[in-house]
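Chemist: Take a look at this one; I'll ask things after.
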Amino acid sequence: LQKNSKLILFFLFFFTYNQILLSAPRQIFTPEVPDKIKILISKKDIKKYYYNLAKIVNLDIIKEKFKRKYEATIVFDKGSNKKFLKSEINITGDWTDHITRNNSSLKIKLNNGNIGNITSFKLLLLNTQDPDPTYDVTGRGEILWSIFMESLGFPTPFRKIVQVNLNGFKYWAIFQESLTKEFMERWSIRESPIIEFDERQLWSKRLSDKSIANPSHIGSKIINGSFIKNFYNLK
């Protein structure tokens, strides 16, 4: 009886484990992202962008007022053709390790077209994703972690190290896909709410009162609110 019980438990475990694997999200395709991306900030906004950098570079935290949007054109090669996509860009990141006097980590929203079916992404300065800025100055650790998580069956944003040309200034950055409906479609996930930490309260406290810089609770928010169109979606 004991042997039969163990055998039944084994088959139950095997069946359940296989059902979990079968139900796990699967990546339909890998985005084709170019090795080089050129960003041309519009003439009317280029001075504003660099003026903003000069004001932020000596601060500790990047305040929301400095994350205004600028018009830009994204240029990259696709096969033998050169693509020009209109976009909106803004400075992204919390700490000022995302800022130098020449450039910054950027959040980019393409207004027409896509890059590898991605319409919203970030270009993060290398080493900003690691607690120790001297540890991973190449950004390869971030890419390795993504591959590791994907191998375990977790959907992860597409990441790649690319060369960026920002109005003539060249540097390396981590291309990181934003979590949007395109991300879910690529991972064969039906449309559903995307929930993330709501960091506004966290950073508000850090700016106002250093003694509560790390609160014990952080709220959450839905970043694709347009999904909630009726009672069933809300539920």
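The values are calculated or read from the model by the stated rules, or taken from the named source; none is laboratory data. In this text, all values refer to a predicted model and were calculated from it rather than measured experimentally. Here the Cβ is made from the backbone with ideal geometry for all residues, glycine too, and neighbour counts use every protein chain on show. The area values use the complete protein model at the heavy-atom level, side chains included, leaving out ligands, DNA and RNA. Shrake-Rupley method; radii C 1.70, N 1.55, O 1.52, S 1.80 Å.
Chemist: Scan segment 89-103 residue by residue and report those that are part of a strand (DSSP E or B) and surrounded by fewer than 16 Cβ atoms within 10 Å (Cβ to Cβ). Let's see the steps before the verdict.
Modeler: Taking segment 89-103 and keeping what is part of a strand (DSSP E or B), we get 89-91, 95, 99.
Matches in segment 89-103: W95 only.
Chemist: Is at least one residue of segment 26-49 at pLDDT 95 or above, of a type in the set (S, T, Y), within 22 Å of L166 (Cα to Cα) and crowded, with 16+ Cβ neighbours inside 10 Å?
Modeler: Yes: segment 26-49 contains one or more residues that are at pLDDT 95 or above, of a type in the set (S, T, Y), within 22 Å of L166 (Cα to Cα) and crowded, with 16+ Cβ neighbours inside 10 Å.
Chemist: Just the residues that are modelled with pLDDT of 70 or more and part of a loop (DSSP other than H, G, I, E, B), please, taken from segment 109-145.
Modeler: At the first step, the residues of segment 109-145 found to be modelled with pLDDT of 70 or more are 109-127, 139-145.
If the condition is that a residue be modelled with pLDDT of 70 or more and part of a loop (DSSP other than H, G, I, E, B), then N111, N112, G113, N114, G116, N117, T119, L126, N127, G139 are the ones that fit.
Chemist: What is the residue count in segment 215-233 for residues that are surrounded by 10 or more Cβ atoms within 10 Å (Cβ to Cβ) and modelled with pLDDT under 70?
Modeler: Qualifying residue count for the region: 4.
Chemist: Give the residue, chosen from F76, F84, that is among the aromatic types (F, W, Y) and closer than 16 Å to E177 by Cβ.
Modeler: Numbers: F84 fails: closer than 16 Å to E177 by Cβ.
Residue meeting the stated conditions: F76.
Chemist: Moving on. Considering segment 50-78 alone, what residues qualify as being open to solvent by 80 Å² or more (accessible area, probe 1.4 Å) and either assigned to a strand (DSSP E or B) or out of contact with any helix residue (DSSP H, G or I) (no Cβ under 9 Å at 6 or more places or on another chain) (or both)?
Modeler: Y51, K65, K69, E71, D77, K78
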